[in-house]
Amino acid sequence: MAGPRPVVFSGPSGAGKSTLLKKLIKEHDNVFGFSVSHTTRNPRPGEENGRDYHYVTREKMQAAIDNGEFIENAEFSGNLYGTSKAAVQAVQAKNLICILDIDMQGVKNIKKTDLNPIYISIQPPSMDILEKRLRDRKTESEESLQKRLNAARVEMEFSKEPGMFDVVIVNDNLDDAYGRLKQTLLEEINKVNKAKTS
Ligand SMILES: Nc1ncnc2c1ncn2[C@@H]1O[C@H](COP(=O)(O)OP(=O)(O)OP(=O)(O)O)[C@@H](O)[C@H]1O
Ligand SMILES: Nc1nc2c(ncn2[C@@H]2O[C@H](COP(=O)(O)O)[C@@H](O)[C@H]2O)c(=O)[nH]1
């Protein structure tokens, strides 16, 4: 069988992408695999190298980019982020649905590849609510928060571009947003579960 289609999650920082995708991975045992990106930002409390990100220096990451090891990479809020070819291949080798959590530059660049994912945009109900969620998360300095809010305004406009995303989910009530997400991915989830039993 051809492998399952990957899924790209994008949307403003703080919209709830990680919250939703962690729930999805947890509920569906051995169906999804997370593409672990590289980043030059520092780990947050609770994050683990190799699970949440591969944390690297800018020099090391730039060298790997120059060496052609990345499918896409971007500068976001003062740090480099990127999806390595190895990260995606590791998930696809297990015939799992590969999940990518990337910004809008990543979306544009993935569209130039033959990955053919389902594109899902996760959006906050409003800028005010987004700001509150980011502040309450307590992961950002004031400078980083402002950079992320500025980027969020652009990301919110980007999600409205015709044909850019297959589905746009507004993450207001978490259970509702999660229900919508599961409905969107039901066909791919069923395909993976069926392949497991055949
Ligand atoms: N529906 C919701 N209602 C209230 N709070 C939420 C909801 N969804 C997520 N949150 C909270 O909002 C904060 C931001 O969510 P999360 O970290 O998942 O965002 P993100 O899009 O992955 O951000 P980033 O791109 O910066 O990693 C978290 O503290 C999370 O617990
Ligand atoms: N283009 C890419 N964007 C990525 C990648 N990994 C994460 N991201 C995006 O960066 C921001 C910030 O993430 P954070 O963990 O520092 O809050 C967010 O929008 C992610 O979607 C990547 O490999 N490529």
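Just so you know, all these numbers are worked out from the coordinates, no wet-lab data involved. All of these numbers come straight from a predicted model, not from anything done at the bench. We place every Cβ from the backbone using ideal geometry, glycine too, and count neighbours over all the protein chains shown.
Take the chain, connect every pair of alpha-carbon atoms lying under 10 Å apart with a spring to form a Gaussian network, then pick out the residue of Asn49, Asn171, Asn73 with the largest mean-square fluctuation.
Greatest mean-square fluctuation among the candidates belongs to Asn49.
In terms of the Cα gyration tensor, with a ≥ b ≥ c the square roots of its eigenvalues, is segment 95-155 rounded because a/c is under 1.5, prolate because a/b exceeds b/c, or oblate? Could you put the intermediate results ahead of the total?
Values: a/c = 2.40, a/b = 2.10, b/c = 1.14.
Prolate is the answer for segment 95-155, as a/c is 1.5 or above and a/b outweighs b/c.
Report, in whole Å, the centroid distance computed from the Cα atoms of segment 24-54 and segment 168-198.
Value for the Cα centre distance between the two parts: 19 Å.
Kindly provide the trypsin sites (Lys or Arg not before Pro) of segment 55-160 that DSSP labels as loop, not H, G, I, E or B, and whose Cβ sees at most 14 other Cβ atoms within 10 Å.
Loop-located and lightly packed - Lys94, Lys112, Lys138, Lys160.
Can you return the lysines within cross-link range of Lys194? Criterion is Cα-Cα under 17 Å, with same-chain partners fewer than 8 residues away left out.
Lys94, Lys182
Report, for the chain, the % of DSSP beta bridges that are antiparallel, rounded to 5.
Around 30 percent of the beta bridges assigned by DSSP in the chain are antiparallel ones.
First check a/c for the chain, with a ≥ b ≥ c the square roots of the eigenvalues of its C-alpha gyration tensor; if it is under 1.5, answer rounded, and if not, answer prolate when a/b is larger than b/c or oblate otherwise.
Details: a/c = 1.58, a/b = 1.15, b/c = 1.37.
Because a/c hits 1.5 or more and a/b fails to exceed b/c, the chain counts as oblate.
So what is the relative contact order for segment 7-189, in percent, with contacts set as C-alpha pairs under 8 Å and at least six apart?
32 percent
Return the aspartates and glutamates within reach of Lys196: Cα separation strictly under 18 angstrom, same-chain partners fewer than 8 residues apart disregarded; answer none if there are no such residues.
Partners within reach: Glu27, Asp29, Glu187, Glu188.
At what distance in nm do the modelled label points of Gln183 and Met127 sit from each other, each positioned 7 Å from its Cα along Cα→Cβ?
3.0 nm
Among the lysines, which have Cα under 17 Å from the Cα of Lys111 when same-chain residues fewer than 8 positions away are ignored?
Answer for Lys111, where 17 Å is the Cα cut-off: Lys85, Lys160, listed by chain and number.
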